[in-house]
Amino acid sequence: MIRIIAGIHKKRNLQSVPGRSTRPTTDFNREMIFGTYQDFKGKKVLDLFAGTGAFGLEALSRGAAWIDFVEFANAAIGTILNNISTLSCTDRCHVYRKRAEAFLKDCESSYDVIFLDPPYDKNLINPSLQTIFERKMLKPKGLVMVEHSRNEKIAEDLCGYILKQKEMKKCCFTWLAEDPEAI
């Protein structure tokens with residue numbers, strides 16, 4: 001069971017994507033992420049590889065102004081739409097049914113926070129980060145949060161953007177910024 005941890009929707013339950021194709025971020029890991037970065041009030045957020053939409057919906061619950069969800073799998077899209085409906089927040093978000101690479105290539109928006117949680121060990125993190133930084137998709141003082149396999153390392157040419165890393169048992173969390181010194 002996935003639930004909203006804090007904010008206006010605290011303790012509300014969210015649906016999981018049926019089957020085993022999606023690995024949702026655990027409540028424990030989301031608490032750790034949201035404990036590290038807490039200022040979502042009025043922020044525009046991108047939830048890339050959105051899965052259940054739990055990250056974006058948690059950000060909305062904590063005061064984010066707008067969330068763009070990007071997901072390609074039909075089952076996950078249905079789950080995100082149901083979760084948005086459950087929380088009655090259709091007026092504060094948009095769901096894009098696109099592959100992350102295509103969305104990033106075509107996106108004209110910039111974001112305060114971008115969350116990436118792609119399938120593990122599929123070589124999706126570094127190309128996504130390259131595009132985000134090359135296209136200047138972060139607003140000033142914007143932040144990228146990445147959940148990834150411990151086996152998948154951030155590319156050397158992106159290490160200058162790393163603000164913080166935290167290794168867990170099965171995964172790693174990396175926070176990046178255009179100018180880590182400014183954050």
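Debye calculation, C-alpha points only, no solvent: report log10 I(q)/I(0) for region 64-183 at q = 0.13, 0.19, 0.23 Å⁻¹, in the same order as the q values. Results for region 64-183 at q = 0.13, 0.19, 0.23 Å⁻¹ read -0.55, -1.13, -1.43. Taking amide H as placed 1.01 Å from N in the peptide plane, the amide H of residue 6 sits under 5 Å from that of 11, each at least 5 places away or on another chain. For region 42-101, evaluate the Debye formula with one uniform point scatterer on each Cα (no solvent term) and list log10 I(q)/I(0) at q = 0.21 Å⁻¹, rounded to two decimals. Once normalised to I(0) and log-transformed, intensities are -0.68. Counting 0.36 nm for each residue step from residue 164 to residue 136 and taking away their Cα separation leaves a gain of 8.1 nm.
Computed 3J(HN,Hα) for region 173-179, one whole-Hz value per residue from the Karplus formula 6.51 cos²θ - 1.76 cosθ + 1.60 where θ = phi - 60°, is 10, 10, 10, 10, 8, 4, 9, glycine and proline marked x.
Roughly how big is the chain's charge dipole about its Cα centre, with Cβ charges of +1 (Lys, Arg) and -1 (Asp, Glu), in debye to the nearest 20?
Numbers: 27 positive and 23 negative charges, 132 e Å.
Here the size comes out at about 640 debye.
Computed from backbone phi, the HN-Hα couplings of region 149-161 come to 4, 5, 6, 9, 8, 6, 4, 4, 6, 9, 4, x, 8 Hz, rounded to whole numbers (Karplus: 6.51 cos²θ - 1.76 cosθ + 1.60, θ = phi - 60°; Gly and Pro given as x). Over the chain, dividing the summed -39,500 (n - 2.57) contributions of all DSSP H runs of at least 4 residues by the number of residues returns a 222 nm mean residue ellipticity of -7500 deg cm²/dmol. Contact order for the chain, expressed relative to its length and based on alpha carbon pairs under 8 Å spaced 6+ residues apart, stands at 17 percent.
Indicate, rounded to the nearest 5 percent, the antiparallel portion of the DSSP beta bridges found entirely in the chain. Intermediate results must be reported in sequence, preceding the final value.
Details: 13 of 32 bridges.
Of those bridges, close to 40 percent are antiparallel.
Over the C-alpha atoms of region 1-111, the Rg to Rh ratio, Rh being the Kirkwood estimate, stands at 0.93. Residues whose amide H comes within less than 5 Å of that of residue 114, counting only those at least five positions distant or on another chain, are 46, 143, 144, 145 (H built at 1.01 Å from N in the peptide plane).
Bridging of residue 10 to lysines at a Cα separation below 29 Å is possible for 41, 43, 44, 139, 141, 164, 166, 169, 170, once same-chain residues fewer than 8 apart are set aside. Residues of the chain were split at every exposed loop site, defined as trypsin sites (Lys or Arg not before Pro) in a DSSP loop with at most 16 other C-beta atoms within 10 angstrom, and the longest piece left, sites excluded, is 42-97. Computed from Cα atoms alone, the Kirkwood hydrodynamic radius reported for region 112-183 is 12.2 Å.
Laboratory data are not the source of any read-out in this text; all were calculated from the coordinates shown. Computed from a predicted model, the values in this text were never measured in an experiment. Here the Cβ is made from the backbone with ideal geometry for all residues, glycine too, and neighbour counts use every protein chain on show.
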